[in-house]
Amino acid sequence: MIYFCFHKLKNEVMKIVISLMLVSSLSSALQLPIWLSLSAKAQSKTEESIASRSFTQDKYNQLLWNEKDHNDWYEWWYFKVVDPKTKKSFYFCYGLVNPWDKLGTRESSKVFVNAGNFSGRKIVEERFLPNQFVANVGKLKEDDIIFKASSGNLITPTSFHGDIISETSEHVSWSIQTKKTWSFNAMGWTMFIPEISNIYWYPAQANMEMTGWINFNGERIELDKAHGYQDRNWGRSFPKWWAWIVSNNFKDSPTTKLASGGGMPNIKGIGEVFEGFTLGVSHLGRDYKFRFPDGDKIKLDIHFGKWHVDAINKKNQRVIIDAFAPKEKFMLLPFTTPQGELFKDYEALNGAARLRIYERENFFRPWKLIADLETDEAGIEYGSFNELALQEAFTQSVHLQ
């Protein structure tokens, strides 16, 4: 018991120390006093500005690589959708690895576009040389190109399109119009500090309407204002592991949205010393935010394939998430790091999740249940370098934070 109490106290002290180090890094990077870095009002105003921007003005949803940078680098745009009529789920990803290596002299260097059909358990990908992409940054118009690889694979501020053929001649094409309705700055103020982490995650369009069509190996799916999602990742290398739970279509509450994720990143000057998780919920016009850099208390347990999250913030708000999908619903999405390592990402898009939202007047008052919601369209994910990660998630208890 003494060891348990000491170990728990040590972990809490470590979190405080790391938070202070992160704040110190921000202050040093921006040459600001620490008290200003911690200004909740300033952070809130910045977040409101980001959330209200259209895709055209959101620089963190545009290409972030600096062409003068010839070090390890990756970034991608990920989209997912569940067809409301058939319940079939799809994902699309546009990415680049080591874009400075124009002729692909390193095996890991590439530009890629891929698409996945979860009901058919099929992924189709086409690769291009790093010199075969174009991107625009800055203040863009609605029809400007955010990212383009070959003629038929492009992202604009209000649409994304694809036309790919795999090495085995499998063909997938799509053309989808989008309308952003909610974004979530998952990393808070740390997103604005270059190089503070080896990976960044930004659910830039955590909820969006998708209208268009998908043709996957001859099967055509028509979408009409389907609930869609889009996020971004970028950085130098991959974390030790990551986890992800999202949903934007809850039963009896279709306007409620959830975006949550985290892992064990490599923090500059600190290393891989803690697991961090962050989550955001939009419900009935209110946003509930829980982030480690803000000092919020977030616990994540993965136990026999069940994802459990319990988060409490300083605004006396609480969210509990329970998510599950059977092993056969998960599909392996392999990612290659800039260093050439294979990262194994297991993902399901038709998982079951329960979301409970609580509030209380103050620390001494009991919690009041605000909402108790369920969905069968949850995105659930766990990725690591461990080849047996999925098997272990269903046979072992993994307690994080």
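Every number here is computed from the coordinates shown, using simple stated rules; none is lab data. Please read these numbers as outputs of a predicted model, since none were measured by experiment. Cβ coordinates were reconstructed from backbone atoms using ideal geometry, including for glycine residues, and neighbour counts include every protein chain displayed.
Observations on the structure shown:
- Dimensions (Å) - the stretch 114-263, Cα atoms, principal axes, largest first: 46, 43, 36
- Ratio of Rg to Rh for the stretch 209-297: 1.08 [Cα atoms; Kirkwood radius as inverse mean 1/r over pairs].
- Evaluated over the stretch 280-336, the Cα radius of gyration and Dmax, each in Å: 14.5, 41
- With distances taken between every two different alpha-carbon atoms, the stretch 144-199 has a Kirkwood hydrodynamic radius of 14.2 Å.
- Neighbour cut-off at most 11 other Cβ (10 Å), DSSP loop, GluC sites (Glu not before Pro), the stretch 328-401: GLU361, GLU387
- For the stretch 302-380, averaging the sequence separation of C-alpha pairs within contact (under 8 Å, six or more residues apart) and dividing by the residue count gives a relative contact order of 28 percent.
- A crude spin-label estimate for the pair VAL137 and SER253, with each label 7 Å from Cα along the Cβ direction, gives 3.9 nm.
- Bins of 5 Å, starting at 0 and running to the largest distance - Cα pair percent for the stretch 252-401: 2, 8, 16, 20, 19, 15, 11, 5, 2, 1, 0
- In the stretch 201-256, the convex hull through the Cα atoms has an average projected area of 6.0 nm², a quarter of its surface area.
- Per residue convex hull volume, Cα atoms of the stretch 227-269, in Å³: 84
- When the Cα atoms of the stretch 55-203 are aligned to their principal axes, the ranges along those axes come out at 42, 39, 28 Å in descending order.
- Gain in span if fully extended, GLN339 to THR105, counting 0.36 nm per residue against the direct Cα distance: 83.0 nm
- With the convex hull drawn around the C-alpha atoms of the stretch 358-399, the volume per residue stands at 156 Å³.
- A Stokes-Einstein calculation at 10 °C with viscosity 1.306 mPa s, built on the Kirkwood radius of the stretch 321-379 over Cα pairs, returns a diffusion coefficient of 111 µm²/s.
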